[in-house]
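Presented below is the structure to which this report refers.
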Amino acid sequence: MARKENKIMKRRMASAYLSSLVSISLVLLLVGVAALLLINSKNVSDYFKKNMKMSVMYKPEVTEQQALEHRTVLDSMTFVATSEFISRSRGEQEMKAMLGEDFLSVFESSPVPVSTEITLRPEYVSADSLELVTGIIGKSPLVEEVVFQKTLIDALNTNLRKISAILLIAIVLLLFVSSVLIGNTIRLNVYDKRFTVHTMKLVGATKGFIRKPFLVKSAFMGLFAAIIAIIMLVALLFLLKKELPQLFELFTPQMLVVVMGIVIASGIIICVASTYFLVGKLVSLDKSDLYY
């Protein structure tokens with residue numbers, strides 16, 4: 001009977017330990033992702049903003065030479081990062097690719113204007129700045145209109161904030177789950193060693209002395225969970241490299257080392273802190289309350 005109870009207890013301990021390990025690893029993975037975003041938040045935001053393009057559409061009567069001269073003016077403006085001249089023939093080819101080869105047949109003359117595509121410096125990619133920029137560029141008598149994806153820019157700024165908030169909420173929830181699972185694991189561990197703990201209390205062992213083996217074990221659990229989280233994070237980064245290689249280049253080796261250090265420190269702190277307070281509480285209980 002006692003052997004059967006020991007097997008059940010060991011099985012429960014293994015299950016609780018595994019559940020805690022998985023939960024903490026997921027928490028630390030989110031901590032790593034959050035650290036990546038926080039450390040590189042400006043670089044990530046700037047990456048997307050640098051790839052936002054505005055099209056300066058010229059009036060139908062504007063020649064390519066006039067457009068090229070105006071491009072020089074655009075390049076001299078402080079808010080313009082890069083510019084690219086789009087000739088009428090190139091514009092027609094792009095339209096044919098989207099609408100079909102015969103789309104020009106319904107027009108007497110080419111409806112495709114000459115244009116210049118520009119990218120702005122990141123600090124100017126915001127709702128207020130874009131209104132100012134379009135107003136300045138639109139003052140030119142050569143310009144028909146300035147086209148850009150305002151909804152996409154607004155969505156970028158909004159979604160960056162939403163992603164940070166969602167990550168924060170997810171981390172808090174998983175921290176709570178992890179604390180509960182760690183607590184269950186420690187309770188089972190203390191119960192499994194109840195006679196040893198009771199004997200140590202009887203001979204006058206301090207709480208610190210009793211806590212020590214539990215803290216050491218928890219520290220190793222936190223370290224192991226951090227290693228699992230780092231492996232998952234590296235796998236996630238390699239997937240990102242495959243899908244968005246340019247964005248991956250923003251993450252430097254030095255920054256990745258810092259993030260890994262944050263993940264390892266977080267794992268150890270979470271486990272050790274939870275164990276410290278819980279073991280102290282359990283050891284303070286009466287014998288009957290601790291064992292039953």
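The values are calculated or read from the model by the stated rules, or taken from the named source; none is laboratory data. No experiment lies behind these values; they were computed from the predicted model shown. Virtual Cβ from ideal backbone geometry, glycine too; neighbours counted across all protein chains shown. Ligands, DNA and RNA are stripped out before the accessible areas are found, and what is left, the full protein with its side chains, is counted by its heavy atoms. Shrake-Rupley method; radii C 1.70, N 1.55, O 1.52, S 1.80 Å.
Mind checking whether some residue in segment 138-157 is open to solvent by less than 50 Å² (accessible area, probe 1.4 Å), modelled with pLDDT of 80 or more and in a helix (DSSP H, G or I)? Explain how you work it out, then say what you get.
If we filter segment 138-157 for residues that are open to solvent by less than 50 Å² (accessible area, probe 1.4 Å), which is where we start, we get 138, 140, 142-143, 146, 153, 155-157.
The next check asks that each one be modelled with pLDDT of 80 or more; those that pass are 138, 140, 142-143, 146.
From what is left, the residues that are in a helix (DSSP H, G or I) are 138.
The answer is yes, given that some residue of segment 138-157 is open to solvent by less than 50 Å² (accessible area, probe 1.4 Å), modelled with pLDDT of 80 or more and in a helix (DSSP H, G or I).
For (1) modelled with pLDDT of 80 or more; (2) in contact with a His (Cβ under 9 Å, 6 or more places away or on another chain); (3) more than 20 Å from F238 (Cα to Cα), each residue gets a yes or a no:
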| residue | (1), (2), (3) |
| --- | --- |
| M255 | yes, no, no |
| M260 | yes, no, no |
| V263 | yes, no, no |
| I268 | yes, no, yes |
| T275 | yes, no, yes |
| G280 | no, no, yes |
| D286 | no, no, yes |
| Y291 | no, yes, yes |
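Which residue pairs have Cβ atoms under 7 Å apart, sit 6 or more places apart or on different chains, and have a first residue in segment 250-274 that is closer than 13 Å to V31 by Cα and open to solvent by less than 60 Å² (accessible area, probe 1.4 Å) and a second that is of a type in the set (G, A, S) and outside any helix (DSSP H, G or I)?
Matching pairs, first to second residue: none at all.
Can you pull out the helices (runs of 4 or more DSSP H) entirely within segment 1-98 that have at least 1 residues that are touching a Leu at 6+ places or on another chain (Cβ under 6 Å), under 30 Å from F224 (Cβ atoms) and modelled with pLDDT of 75 or more? Talk me through it step by step, then tell me what you get.
Values: elements: 2-39, 41-50, 64-75.
Answer list for segment 1-98: 2-39.
Here is a yes/no grid of residues against (1) touching a helix residue (DSSP H, G or I) at 6+ places or on another chain (Cβ under 7 Å); (2) under 30 Å from Y47 (Cβ atoms):
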| position | (1), (2) |
| --- | --- |
| I210 | yes, no |
| P213 | no, no |
| M221 | yes, no |
| A225 | yes, no |
| I228 | yes, yes |
| L233 | yes, yes |
| P245 | no, yes |
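In segment 56-76, how many are open to solvent by 30 Å² or more (accessible area, probe 1.4 Å), touching a residue at least 12 places away in the same chain (Cβ under 8 Å) and not charged (D, E, K, R)?
Applying the first criterion (open to solvent by 30 Å² or more (accessible area, probe 1.4 Å)) to segment 56-76 yields 57, 59-61, 63-66, 68-69, 71-73, 75-76.
Okay, now just the ones that are also touching a residue at least 12 places away in the same chain (Cβ under 8 Å), so 57, 59-60, 63-64, 66, 68, 71, 73.
Of the ones still in play, those that are also not charged (D, E, K, R) are 57, 60, 63, 66, 68, 73.
Of the residues in that region, 6 qualify.
Filter segment 99-124 down to the residues that are open to solvent by less than 60 Å² (accessible area, probe 1.4 Å) and modelled with pLDDT of 80 or more, then identify the one that is farthest from F85 (Cα to Cα).
Per the stated criteria, the residue is P122.
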